[in-house]
Amino acid sequence: MIEFYNVSVSIGQKEILRDISFRLFKGEFAYIMGPSGAGKSTILRLIYMDLFPEQGMVIVGNYSSAKIRAHEIPYLRRELGVIFQDFKLLRDRNVYENVAFALRATGVKNSEIKRKVVRVLSEVNIAHRRNNLPDDLSGGEQQRVAIARAIVNDPFIILADEPTGNLDMHTSKEIMEILERINRQGTAILMATHDQSLIEQYPHRIIKIDQGEIVKE
Amino acid sequence: MNLGFSIKEGLKGLKRARMATAITITSVTVALMMIGLFIIVSVNIDHWVGEKRKNIEIEAFFEPVLNNSTAKKLVNKIRQMDGVERVDYISKEAAALRFKKEFGRDVVEVLGTNPLPPSCVIHLKSTHRNALAIANLSHKIKKLDGITDVVYAQGFLQLIDRYVTIIYLIIGGLGLLLLIVAIILIHNSIRLIIYARREIIEIMELVGAKKSFIRRPFLVEGIFYGIMGGILANAFIFALIQIVRRWLYSGVIEAPEIYGLILGLGVFIGFVSSQISLNKHLNKLI
């Protein structure tokens, strides 16, 4: 489903990833683990094709980094869900609008938007806050909204870039429980983290990278 | 794709940056108003010059010995010439009557004979009412056998041609400059808006919005600036014309097409400048 073949990436003079190869299968949950600057976020960017390898190839579903055209990238991204440490919510729109925005931006009909948004807000247990602005929410609630937005298009994979990085342990566990539930429903999860204790509590496959190389799998 | 969503997003953007919106609309209004006024001035100058040119005619004098039938043959020759609209023949007798009418004395009584030559007044087609065409035509007429002299307001024509060209060039140059200024103003506003909204752009990208969809709200904003600038400029131009007509000069020509032109120009510069800005700045982000 996701395949990295001998991928190398440099930004400027700095080599970020060196000869990385791995596969992620359908419905799998895996961590990319490593210290800050190891190249975790770069791997996620390569998957949603915000970045392209200098050498090697990345395959995501039916798309290949070597062949994809610029106008196809939005269609690839509609099959993925992405969440970040800083949530990336629109501060001037309420919870409902933040999630609905993802559908509107991809041309989904209004009648479908309401049904889908209500469903995902309930799934992540934030429906009761649907009219609140992000600034009225706790960090955990904001991340739940971000997850709702990521799953509203029914992606086959969620890419999570340090999703618990800004949260306390209790809230981090809540978020992990939600991600576990989503994974059990068949959506693959690839999560970048350096939180060893969280990995121990929710054990899954670990791809450990350091200084741009896979050091352990 | 939902156009309504793009329009709504575009208008939301305007509301969010009220001050920038107000400044841009004001600047575009001023630029369009100046362009509109330049066009009004040009139209009025053109009308005035046209009126003056209408009165320009060539007068050709025949040899005094020429009898009426030979003179009329010459008149017919002149009628066939390119650029001639109408030729009025003035016989010796008619010339004497004209003399009496103008000076109150009978030329035959004063001199004992009528020395006035037969002549003709040549009216020109509108395409030939310029210095060069008239000079060419006069030259041709002068070469005809039986013509002694050809007279027209050569100095006046040259003056009009020279200065009108200069005025049009100045007006056209200033108009173009203002057009560029208006485009730069909207371009800058859109650039700032793109920068202020890089977060929403990033989110749109992440959720899989197409490039064209991301661009559309910004285009809506640019066009809105142009439309608002056009409407306000039109209102000012209309008011100014009414004031000038009432207090300064009632003969001002309004040229109603100007209002459509200014509005169209507003839409055009709004579209073009936001396109330039999007191509230059949005492509760095997406």
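The numbers here are math on the coordinates, done by the rules we state, and not lab data. Values in this document were obtained by computation on a predicted structure and should not be read as measured data. A quick note on method: Cβ atoms are made from the backbone with ideal geometry, for glycine too, and the neighbour counts reach across all protein chains shown.
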When the charge dipole of the range B:57-152 is computed with +1 at the Cβ of Lys and Arg and -1 at the Cβ of Asp and Glu, the Cα pointing farthest to the positive end, of B:T70, B:P117, B:H128, is that of B:H128
With point charges of +1 on the Cβ of Lys and Arg and -1 on the Cβ of Asp and Glu, referenced to the Cα centre of chain A, which listed residue (A:L190, A:F101, A:I47) lies farthest in the positive direction of the dipole?
-> A:F101
Cross-link pairs beyond the 25 Å C-alpha cut-off, checked among B:K72/B:K140; B:K52/B:K100; A:K26/A:K216; A:K109/B:K210 | B:K52/B:K100
Fewest first, what order do A:Y63, B:Y195 take by the number of other Cβ atoms within 10 Å?
-> B:Y195, A:Y63
Taking the highest mean first, how do the peptides A:128-134, B:177-183 order by number of other beta carbon atoms within 10 angstrom per residue?
-> B:177-183, A:128-134
Most positive-pole-ward Cα, B:I35, B:T21, B:A96, against dipole of chain B from beta carbon charges | B:T21
By how many degrees, 0 to 90 and rounded to 10, does the Cα axis of helix B:257-277 deviate from the longest principal axis of chain B?
-> 40 degrees
Run the dipole for the protein assembly as shown about the Cα centre, Lys and Arg Cβ at +1, Asp and Glu Cβ at -1, nothing else charged, and hand back the magnitude in debye, nearest 20.
-> 1180 debye
By count of other Cβ within 10 Å, fewest leading, how are B:Y249, B:Y168, B:Y225 ordered?
-> B:Y249, B:Y168, B:Y225
Magnitude of the charge dipole, the range B:1-151, Cβ model with Lys/Arg +1 and Asp/Glu -1, debye to 20 = 880 debye
Give, rounded to the nearest 20 debye, the magnitude of the charge dipole that the range B:138-256 has about its Cα centre when Lys and Arg contribute +1 at Cβ and Asp and Glu contribute -1 at Cβ.
-> 180 debye
Of the convex hull enclosing the alpha-carbon atoms of chain B, the direction-averaged projected area in nm² is 22.1 nm²
Would you mind ranking A:F156, B:F224 so that the residue whose beta carbon has the fewest other beta carbons within 10 Å leads the list?
-> A:F156, B:F224
Helix B:211-243: inclination vs chain B longest Cα principal axis, degrees, rounded to 10, gives 40 degrees
Average partner chain C-beta neighbours within 10 Å, per residue of A:73-80?
-> 4
Mean per-residue count of partner chain Cβ within 10 Å for B:5-13 equals 1
